[in-house]
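Visitor: Quick one: the structure is below, questions incoming.
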């Protein structure tokens, strides 16, 4: 039996932009697009939401700074970035 988290194929991507005031409004002066892992518990919740099995949505995400290898079975961030 295949786990739904394997079939879902969800990927995380986040975009970081440095924005400054320009002559005609905000101006992006630098942009980085970075891949990010979505763990199995997150993939399961996405599947539940899209299939109508849950109406509970995400209230937060966590981004880590650890240099350790990522693992889709992790349930917590090893070195979380400080909340702002």
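Visitor: So is residue 61 part of a loop (DSSP other than H, G, I, E, B), in contact with a strand residue (DSSP E or B) (Cβ under 7 Å, 6 or more places away or on another chain) and modelled with pLDDT under 85 or not?
Guide: No.
Visitor: Which of the numbered conditions does residue 77 fail, given that it passes all the others? Conditions: (1) more than 12 Å from the chain's Cα centre (by Cα); (2) free of Cβ contacts under 8 Å to residues at least 24 places away in the same chain.
Guide: (1)
Visitor: Which pairs do you get when a residue that is farther than 28 Å from residue 79 by Cβ, found in segment 47-64, comes within reach of a residue that is modelled with pLDDT of 85 or more and part of a loop (DSSP other than H, G, I, E, B), reach meaning Cβ atoms under 6 angstrom, with the pair 6+ apart or on two chains?
Guide: Within 6 Å, the pairs are 48/54.
Visitor: State all residues of segment 30-67 that are more than 21 Å from residue 81 (Cβ to Cβ) and loosely packed, with under 10 Cβ neighbours inside 10 Å; if no residue qualifies, say none.
Guide: Across segment 30-67, the qualifying residues are 51, 52, 55, 56, 57.
Visitor: All but one of (1) in contact (Cβ under 8 Å) with a residue 12 or more places away in the chain; (2) out of contact with any helix residue (DSSP H, G or I) (no Cβ under 7 Å at 6 or more places or on another chain); (3) part of a loop (DSSP other than H, G, I, E, B) hold for residue 35; which doesn't?
Guide: Checking residue 35 against (1) in contact (Cβ under 8 Å) with a residue 12 or more places away in the chain; (2) out of contact with any helix residue (DSSP H, G or I) (no Cβ under 7 Å at 6 or more places or on another chain); (3) part of a loop (DSSP other than H, G, I, E, B), the one that fails is (3).
The values are calculated or read from the model by the stated rules, or taken from the named source; none is laboratory data. Being a predicted model, the structure only gives us computed values, none of them experimental. Cβ coordinates were reconstructed from backbone atoms using ideal geometry, including for glycine residues, and neighbour counts include every protein chain displayed.
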